[in-house]
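Have a look at the structure below, then the notes.
Nothing in this text is a laboratory measurement; each read-out follows from the coordinates by a stated rule. Predicted, not measured: the structure shown is a model, and the values here were computed from it. All Cβ positions, glycine included, derive from the backbone under ideal geometry; neighbour counts span all protein chains shown.
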Amino acid sequence: MKYVLVGLTTLFLVGCSGSKAFVKNGEIDKSLDQEAVKKSTLEAIGIGAADQTLTNSTQKRATSRNAAIVAAQYEMLSMVKGVELEGGIRVEKAMETDSVLQTKIDAAIKGAEIVKSEWTNDDGCLVTIRLDKKRLADQMGVKFK
């Protein structure tokens, strides 16, 4: 009975993460359908390849995960730049004239929540990160349209 409860709790927690699995049977889906802009969050995925010259699986997974995180952060930055601020200006345009704003955005993106890390059969990694829109707006000191 104890193992059944642990299994059900794990299933519940995984099911409630709200993040779709993109790796199935050790392979990345051929089509990645993603709802990147949600009501209260932005979500990005990044894919990182393993260094095949490494012999240790743990090292391969660590390097591919780090690469995937950087790729996801880059995708997140692209999304944030396209967000429209109150007054009709895009974040990208505001960043051009305000280096403090750019620093705040970089910090917010680097602080995005890593929601899921999935590994492939060849130790590559797909990472999903999430950023709360309200938290981002508060850190930037702006209001989104």
Exercise. About its Cα centre, what dipole magnitude does the range 27-97 give when the only charges are +1 on Lys and Arg Cβ and -1 on Asp and Glu Cβ, stated in debye to the nearest 20?
Worked result: 220
Seminar exercise, completed: In this structure, the FRET efficiency calculated for Lys145 and Val100 from their beta-carbon separation, with R0 = 35 Å, to the nearest 0.05, is 0.95
Problem set entry | Charge context of Glu96, other residues only, Cβ under 13 angstrom, K/R +1, D/E -1 | +1
Exercise. Can you pull the three principal axis extents for the Cα set of the range 61-131, in Å, largest first?
Worked result: 47, 19, 16
Problem set entry | Violating pairs (Cα-Cα greater than 32 angstrom) within the set Lys24/Lys145; Lys110/Lys145; Lys60/Lys110; Lys60/Lys143; Lys20/Lys110; Lys20/Lys134 | Lys24/Lys145; Lys60/Lys143
Exercise. Where the centroid of each part is defined by its Cα atoms, how far is the range 101-132 from the range 56-82 in Å?
Worked result: 6
Exercise. Could the peptides 95-103, 131-139, 39-47 be put in order, highest first, of the mean number of other beta-carbon atoms found within 10 Å of their residues?
Worked result: 39-47, 131-139, 95-103
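Need the full-extension length gain, Asp29 to Leu54, defined as separation in residues times 0.36 nm minus the C-alpha distance. One decimal, nm.
Gain on stretching Asp29 to Leu54: 6.5 nm.
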